[in-house]
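Student: This is the structure, below, for whatever I ask next.
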Amino acid sequence: MTAQLSKKSEAWSARFSEPVSDLVKRYTASVFFDKRLAEFDIQGSLAHADMLAEQNIISRQDLQDIQRGMAQIQSEIAAGQFEWLLDLEDVHLNIEKRLTELVGDAGKRLHTGRSRNDQVATDIRLYLRHAIDDISGLLRELRLALTDLAEQHADTILPGFTHMQVAQPVTFGHHMLAYVEMFGRDAERMADCRKRVNRLPLGAAALAGTTFPIDRERVAATLGFDDVCRNSLDAVSDRDFAIEFCAAAALVMTHVSRMSEELVIWMSPRVGFIDIADRFCTGSSIMPQKKNPDVPELARGKTGRVNGHLIALLTLMKGQPLAYNKDNQEDKEPLFDTVDTVTDTLRIFADMARGITVRPDAMRAAAFQGYATATDLADYLVKKGLPFRDAHEAVAHAVRACVDRGCDLADLSLEDLRQFSSLVADDVFQVLTLEGSVAARDHVGGTAPNQVRAAIARVRAELG
Ligand code: ARG
C-alpha cells in the first residue's frame, strides 16, 4: 500500500495562495510510515467522539455516524482497500477525510476540541503501550526457555572466563541464569517505562487546551490510561516516554548481543561447546562445509541500529522549544524500527534458546585446561590456616610447575603438592575436581548445582 498523489486540496489549504511542490509534499508527509498507527488513531477518535457526545458537544446522532463510518474504515483498512493519499499528509487527515466522505458533517465535527498535536501524541502512546505488552510477553518466554536450558544443565561444567582466560569452573545452568537476570531487569524497565507511556495527552488540543467543556478523565478511562497528562504544553511536546523505551530497548539488544557473541564463539568448531539448530543457521555459497550462526550474528549487528535510534530521538528533542514542532514527526520511524527489531529478535531468540544443543564433553575438556581449580587449592590452604596471600603464592608456584611439566594440578602427586605447602593432605584431591569446585560455591548467587536449582525455582515462581 503506497500513498498516491492526487489533486485534492489539503485540509488546511484555504489559508494558502499556492500549492506546495510535489517534493515538499513528499518531504513533509508522514502517511507512508504513520499509517501503521491507524488502529490506534481510530481507537482514540472513538473515545474522543464518545466524550464529545456525553458532554453534549456533538449530538448522539453524530456519534453514531462517526462510529458507523469508523467501522467501515476499519474494514477497508483490514481488507487493504483503504486509499492512502499523500495529499492528505498523514494518517490522521486520511482517516478524517474518508470519514467525512462516508458520513458527512459528523465526520467534520470529530475534530472539535482536538488537534493533530494531541491526537498524534495519543496514538503513539497507545501504539507503544501495545508494543511494550508484546515485548514483555516475549521477554517472559525467553526467560522461561533459558531457565529450561539451565535446568537441563544445572550440573554441566564449563570453564568460566575473566579476560577471556580460564578462571574458575562454573555450571552451564548458572551461566544461562546470568542472562535470565539480565532479561529480568529488562522486563522491569519495560514495566516501569509503561507507567509513563500510559498517560493521556488528548485534551491538550494544539498546545493550550480547549474552550469546549471536555472530560479528559472519561477519555483516559475509555482508552485504559492510568491518568491524564497534567500540562497541555508538555502533553503535546513530550517524547520522553519514547526515549525511555528506546533506552530500555537498547539494553535488551545489548544483552541479546552479549549472548550472541558467546553463542558464536561457542559454536566455532575450535570451541565446540554448543550446536544451534539448522533452522537458525545458513550455509555458504562457496564453502560447502559451512554452517554459520547467522541469527546471533545479525542480532549482534542489529544492536547498532537500535542504539542509533536512541541517539536519534535524544537529538531530535534536544533543541525543541515548547510546544509541538514538526520535528516531532521524526519520532516515528526510529520508534517503529526499534519496536520491530526488538520484537522480532526476542521472538527468534525465545525459539532459538530451545534449539541449542549443549556438548558437555567439550565443555568439560576445556575446564580441565587452564588450572581452573587453582583458587580452590588456595582456599583449601586458607582453611588449613595459611593467610590468603601466602596461599595464593604457594599455588602460583604449583601452577608454574604444572606449566613446566605440561600437566594439571590434579595430576600432581600428594608429594609434589606438599613441596609447595606442608599443609596439603590427601583430602586435597576432592577439592581439585571440577565437581568439588562448583559444589563448594554453595550460597545464594553461587554456581553450585543446588543453588542453580534454587534460582530456577525462584525464577519460575516469579514468572508464574
Ligand atoms: N504527522 C504529524 C506528526 O507526526 C501529526 C501532527 C501534525 N501537527 C501539525 N500541526 N502539523 O507529528
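Student: How compact and how long is the stretch 303-343, expressed as Rg and Dmax of its alpha-carbon atoms in Å?
Tutor: Rg, Dmax (Cα atoms, Å): 11.0, 33.
Student: Using 7 Å Cα-to-Cβ label points, what is the Asp327/Asp278 separation (nm, one decimal)?
Tutor: 5.3
Student: If I fit a long axis through the Cα atoms of helix 294-318 and take the longest principal axis of the Cα atoms of the chain, what angle between them do I get, 0 to 90°, rounded to 10?
Tutor: Result, in degrees: 50.
Student: Would you mind estimating how fast the stretch 375-436 diffuses translationally, via Stokes-Einstein at 25 °C and 0.890 mPa s with the Kirkwood radius over Cα pairs, in µm²/s?
Tutor: After rounding, the answer is 214 µm²/s.
Student: Counting only DSSP beta bridges with both residues in the chain, what percent are antiparallel, rounded to the nearest 5?
Tutor: Percent antiparallel among DSSP bridges in the chain is about 75.
Student: By average Cβ neighbour count within 10 Å, what is the ranking of 216-227, 250-261, 117-128, 405-416 from highest down?
Tutor: Most protected by this proxy first, the peptides run 117-128, 250-261, 216-227, 405-416.
Student: Working from the pairwise distances between different alpha carbons, so that the mean of 1/r is found and then inverted, what is the stretch 246-316's Kirkwood radius in Å?
Tutor: Computed over Cα pairs of the stretch 246-316, the Kirkwood hydrodynamic radius comes out at 13.4 Å.
Student: Taking all protein chains in place and a 1.4 Å probe, what share, in percent, of the accessible surface of the chain do carbon and sulfur account for?
Tutor: 52
Student: Return a whole-number percent for the relative contact order of the stretch 251-343, with Cα pairs under 8 Å and 6 or more residues apart as the contact set.
Tutor: 28
Student: Tell me, what HN-Hα J-couplings in whole Hz come from the Karplus equation 6.51 cos²θ - 1.76 cosθ + 1.60 at θ = phi - 60° for each residue of the stretch 103-118, using x for Gly and Pro?
Tutor: Along the stretch 103-118, the couplings run 10, x, 4, 4, x, 6, 8, 4, 7, 4, x, 9, 9, 5, 5, 7 Hz.
Student: Can you list the equivalent-ellipsoid semi-axes of the stretch 201-246, largest first and in whole Å, using the square root of 5 times each Cα gyration tensor eigenvalue?
Tutor: Working: eigenvalues 78, 43, 7 Å².
Value: 20, 15, 6 Å, ordered largest first.
Student: So for the stretch 328-464, what percent of the C-alpha to C-alpha distances run longer than 24 Å?
Tutor: Tail of the P(r) past 24 Å holds 53 percent of the pairs.
Student: In this model, which of Lys108/Lys332; Lys25/Lys332; Lys35/Lys318; Lys97/Lys318 are farther than 24 Å apart at the alpha-carbon?
Tutor: Details: Lys108/Lys332 26 Å; Lys25/Lys332 18 Å; Lys35/Lys318 26 Å; Lys97/Lys318 34 Å.
Result: Lys108/Lys332; Lys35/Lys318; Lys97/Lys318 exceed 24 Å.
Student: Using all alpha carbons of the stretch 137-258, what is the percent of pairwise distances in each 5 Å bin, ordered from the shortest bin to the longest?
Tutor: The calculated distribution, bin by bin, is 2, 10, 14, 14, 12, 10, 9, 8, 6, 5, 5, 3, 2, 1, 0.
Student: Can you give the translational diffusion coefficient of the stretch 134-202 in µm²/s, computed by Stokes-Einstein from the Kirkwood radius over Cα pairs at 25 °C and 0.890 mPa s? Working shown, then result.
Tutor: Working: Rh = 13.9 Å.
Translational diffusion coefficient: 176 µm²/s.
Student: Something else about it: Subtract the Cα-Cα distance of Arg230 and Arg458 from 0.36 nm times their separation in residues, and report this length gain in nm to one decimal.
Tutor: On the way: separation 228, 0.36 × 228 = 82.08 nm, distance 3.95 nm.
Additional length available on full extension: 78.1 nm.
Student: Same structure, new question: In 20 Å bins starting at 0, how do the alpha-carbon pair distances of the chain split up by percent?
Tutor: 20, 38, 25, 13, 3, 0
Student: Go through 286-292, 134-140 and give me the packing order, highest mean Cβ count within 10 Å leading.
Tutor: Going from most to least packed, we get 134-140, 286-292.
Student: Which whole-Hz ³J(HN,Hα) couplings does the stretch 80-86 yield from phi under the Karplus relation 6.51 cos²θ - 1.76 cosθ + 1.60, θ = phi - 60°, glycine and proline marked x?
Tutor: Values per residue, Gly and Pro as x: x, 9, 6, 9, 7, 10, 4 Hz.
Student: Okay, next question. Which aspartates and glutamates have a Cα lying under 14 Å from the Cα of Lys290, excluding residues fewer than 8 positions away in the same chain?
Tutor: The qualifying aspartates and glutamates are Asp275, Asp278.
Student: Can you tell me which of 431-437, 278-284 comes out highest on packing, and rank the rest after it, using the mean Cβ neighbours within 10 Å?
Tutor: Top of the packing list down: 431-437, 278-284.
Student: Separate question: Rounded to the nearest whole Å³, what is the per residue volume of the convex hull around the Cα atoms of the stretch 163-208?
Tutor: That works out to 114 Å³ per residue.
Student: Fully extended, how many nm does the chain gain between Gln289 and Asp404 (0.36 nm per residue separation, minus their Cα-Cα distance)?
Tutor: 37.6 nm
Student: Under 20 Å from a point placed 7 Å out from the Cα of His397 along the Cα-to-Cβ direction: which residues of the stretch 424-445 have their backbone N that close?
Tutor: The answer is 424-429, 432.
Student: So if the hydrodynamic radius of the stretch 73-170 is defined as the Kirkwood radius over C-alpha pairs, what does Stokes-Einstein give as its diffusion coefficient at 20 °C and 1.002 mPa s, in µm² per second?
Tutor: Roughly 115 µm²/s, to the nearest whole number.
Student: Moving on. In Å and on Cα atoms, what radius of gyration and Dmax does the stretch 177-330 show?
Tutor: My reading of the Cα-based Rg and Dmax gives 22.2, 72 Å.
Student: What share of Cα pairs, in percent, lie more than 23 angstrom apart in the stretch 270-408?
Tutor: Of the Cα pairs, 65 percent sit more than 23 Å apart.
Student: Right, here's the next one. Taking 8 Å as the Cα distance limit and 6 or more residues as the minimum spacing, I'd like the relative contact order of the chain as a percentage.
Tutor: With pairs under 8 Å counted, the relative contact order is 17 percent.
Student: What percent does the relative contact order of the stretch 190-235 come to when contacts are Cα pairs within less than 8 Å and at least six residues apart?
Tutor: Relative CO of the stretch 190-235 lands at 49 percent.
Student: HN-Hα J couplings of the stretch 411-427 from phi, Karplus 6.51/-1.76/1.60, θ = phi - 60°, integer Hz, Gly and Pro as x?
Tutor: So the Karplus estimates, Gly and Pro as x, are 7, 6, 7, 4, 4, 4, 5, 5, 5, 8, 7, 6, 6, 6, 10, 6, 7 Hz.
Student: Amide H neighbours of Ala167 under 5 Å, counting only residues 5+ apart in sequence or on other chains, H built in-plane at 1.01 Å?
Tutor: Gly160, Phe161, Thr162
The values are calculated or read from the model by the stated rules, or taken from the named source; none is laboratory data. As the structure is a computational prediction, the values presented were derived from the model and not from experiment. As a convention, Cβ positions derive from the backbone with ideal geometry for all residues, glycine included, and neighbour counts pool all protein chains shown. Calculation scope for accessible area: heavy atoms of the full protein, side chains included, ligands and nucleic acids excluded. Shrake-Rupley method; radii C 1.70, N 1.55, O 1.52, S 1.80 Å.
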